[in-house]
1. Among the residues of the stretch 121-142, which ones are surrounded by 15 or more Cβ atoms within 10 Å (Cβ to Cβ) and in a loop (DSSP other than H, G, I, E, B)?
2. Kindly provide the set of residues from the stretch 235-262 that are farther than 24 Å from PHE160 by Cα and either in contact with a helix residue (DSSP H, G or I) (Cβ under 6 Å, 6 or more places away or on another chain) or of a type in the set (D, E, K, R) (or both), ordered by number.
3. What are the residues in the stretch 167-191 that are surrounded by 15 or more Cβ atoms within 10 Å (Cβ to Cβ) and either within 24 Å of LEU204 (Cβ to Cβ) or in contact (Cβ under 8 Å) with a residue 40 or more places away in the chain (or both), if any?
4. In the stretch 214-227, how many residues are within 19 Å of the chain's Cα centre (by Cα) and surrounded by fewer than 14 Cβ atoms within 10 Å (Cβ to Cβ)?
5. Among the candidates SER81, SER97, single out the residue that is in contact with a His (Cβ under 8 Å, 6 or more places away or on another chain) and without any contact (Cβ under 8 Å) to a residue 60 or more places away in the chain.
6. Does THR115 satisfy the condition of being surrounded by 14 or more Cβ atoms within 10 Å (Cβ to Cβ), of a type in the set (Val, Ile, Thr) and over 22 Å from LEU25 (Cβ atoms)?
7. Please indicate, with yes or no, whether at least one residue in the stretch 123-146 is within 21 Å of ASP57 (Cβ to Cβ) and in contact (Cβ under 8 Å) with a residue 24 or more places away in the chain.
Amino acid sequence: MIKNIGIIGGSGKIGSTFRRAFEKLNLSVIVSDESSKDQEKLLIEKSDWIILSVPIDQTLDVINNIKSKIRYDQVFSDFTSVKSIIKDVEFNFEFVSCHPLFGPLNIIDGQNIITIPVSEGPYYKDIKEIFKKIGLNITEMNSIEEHDKYMSLIQGMTHFSHVCFTTAMKKLDLDFDKVMEICSPIYQSNISFSSRITGGDENLYTNIIMDNPANKEVLELYLETSKNLLEMVKNQNYDEFKSNFNDNREYLKNHISDMIEQSNFLIDKMAEFKKGSKN
């Protein structure tokens, strides 16, 4: 049973979020970071579950530095959002790769997390139980490759499109204050999400887009699709554009009602926020 948890990078935003959540379950948590390297040795010795929560571009180096110190009777997890960078790591301990699908939050109840039992052992059941107790929804994936393929859409294409949108908006050189004045909530929400990405950690988003090899194929598809749709617009091909639009609706048919309902909720909240900011 997991009683002692060590978080390398535990003073960072995500590490701190999980430390607080684990401590609410009365679990013992040891943290270390760049400024407390001697604590790392104690953390590895004392922890049943060792978690690595560091920036993507540091993950592989830290794993290679500590893997020989992890015992077969411990379990190790990385929290990185790009898994292909660790696919060739050799290990002889239980390894459950995890990906929290959220940023630093005070309350994580209802948020999603992915688990990948790379080398499943007796602690995996405990890990899932702990995640459930802190309110997380768990999706298990079979492999690192499966994870990165899904993330190429959920993160790669989405973040890339927001970067493209913001970059193009900047090049239009319109009066941004006026843009925000005339935006209805639905369009303001799109700018808000793009602004959320732009206001985040440029290192994180650059690594998410650059380091997942599955992104290249997906982004090529995105650009090819954009080019085809642009040709329809240039040629004023209304019928073909509407046909593609209807095909998209058919593709989304099992979820479209729920998604519209969710977007209506967000639009209402955006309108409330916009009204409140003027008062």
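1. Across the stretch 121-142, the qualifying residues are GLY121, TYR123, ILE134, LEU136, MET141.
2. ASP239, GLU240, LYS242, GLU250, LYS253, ASP258, GLU261 - these are the residues of the stretch 235-262 that are farther than 24 Å from PHE160 by Cα and either in contact with a helix residue (DSSP H, G or I) (Cβ under 6 Å, 6 or more places away or on another chain) or of a type in the set (D, E, K, R) (or both).
3. PRO185, GLN188, SER189, ILE191
4. Residues that pass the stated criteria total 1.
5. SER97
6. So THR115 fails the test.
7. Yes, the stretch 123-146 has at least one match.
Yes/no matrix, rows are residues, columns are (1) in contact with a helix residue (DSSP H, G or I) (Cβ under 6 Å, 6 or more places away or on another chain); (2) over 22 Å from GLY121 (Cβ atoms); (3) of a type in the set (A, V, I, L, M, F, W, C); (4) not assigned by TED's automatic domain parsing to the domain that holds LEU101:
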residue	(1), (2), (3), (4)
LYS13	no, yes, no, no
LYS24	no, yes, no, no
LEU27	no, no, yes, no
SER35	no, yes, no, no
LYS46	no, no, no, no
ASP57	yes, yes, no, no
ASP61	no, yes, no, no
LYS69	yes, no, no, no
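The values are calculated or read from the model by the stated rules, or taken from the named source; none is laboratory data. Just so we're clear, the structure is a prediction, and the values are computed from it rather than from any experiment. A quick note on method: Cβ atoms are made from the backbone with ideal geometry, for glycine too, and the neighbour counts reach across all protein chains shown.
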